[in-house]
1. State whether one or more residues within segment 34-42 are loosely packed, with under 13 Cβ neighbours inside 10 Å and either part of a helix (DSSP H, G or I) or aromatic (Phe, Trp, Tyr) (or both).
2. Assess whether Ala92 counts as being touching a Ser or Thr at 6+ places or on another chain (Cβ under 7 Å), among the hydrophobic types (A, V, I, L, M, F, W, C) and at pLDDT 90 or above.
3. Based on what the data block shows, is Ala25 modelled with pLDDT under 85, surrounded by 10 or more Cβ atoms within 10 Å (Cβ to Cβ) and not in a strand (DSSP E or B)?
4. Here are the criteria: (1) surrounded by 14 or more Cβ atoms within 10 Å (Cβ to Cβ); (2) modelled with pLDDT of 65 or more; (3) not basic (Lys, Arg). Tell me which single one Cys137 does not satisfy.
5. Residues being surrounded by fewer than 12 Cβ atoms within 10 Å (Cβ to Cβ) and either of a type in the set (Ser, Thr, Tyr) or in contact with a Ser or Thr (Cβ under 6 Å, 6 or more places away or on another chain) (or both): count how many of those fall in segment 47-59.
6. Would you check if Arg77 is over 23 Å from Ala21 (Cα atoms) and surrounded by fewer than 13 Cβ atoms within 10 Å (Cβ to Cβ)?
Amino acid sequence: MAVAEFTQTPLDLPGCIALAALFTAAGGRAELEVRPGWREPLNLYTVIAMPPGSRKSAVFAAMTAPLLAAEQTLVERVRPVIVEAELARKIAQRDAERRANDAANARDPQARAEALASTADATTPPSPPSRPWSHRCRG
């Protein structure tokens, strides 16, 4: 109600966007069991149809700001983990390359080099949190 009053828009506008933001935050975690054994994820699709200049973008920005702030917090929290994982991957790749060169030159068992190479390939850094909702929500 405060957003509608502040932006001088109908109560429906921030209400619809709030519902969409809550469903976005749920991120597919809510399911409905239609009947035993048949489960479907809950989805909500909203359409805002108002004339240009009716402050839709201002309301959208106000209602999605908490999602953007939470995303930024998650990105900052996971950044050191990603950097550490990327460094571990680079180290494993270099070690695998060195072992492969040693195996080729010194006739070491090639299986060891292949195992190390596969270990380097298996070390994948996590990806940062992203906005899976950004392509669905337009302000």
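The values are calculated or read from the model by the stated rules, or taken from the named source; none is laboratory data. Here the structure is a predicted model, which is why all the values come from computation and not from measurement. Positions of Cβ are generated from backbone atoms using ideal geometry, with glycine treated the same way; all protein chains shown enter the neighbour counts.
1. Yes.
2. Judged against the criteria, Ala92 is not a match.
3. So Ala25 passes the test.
4. (2)
5. 0
6. Here the answer is no, as Arg77 does not meet what is asked.
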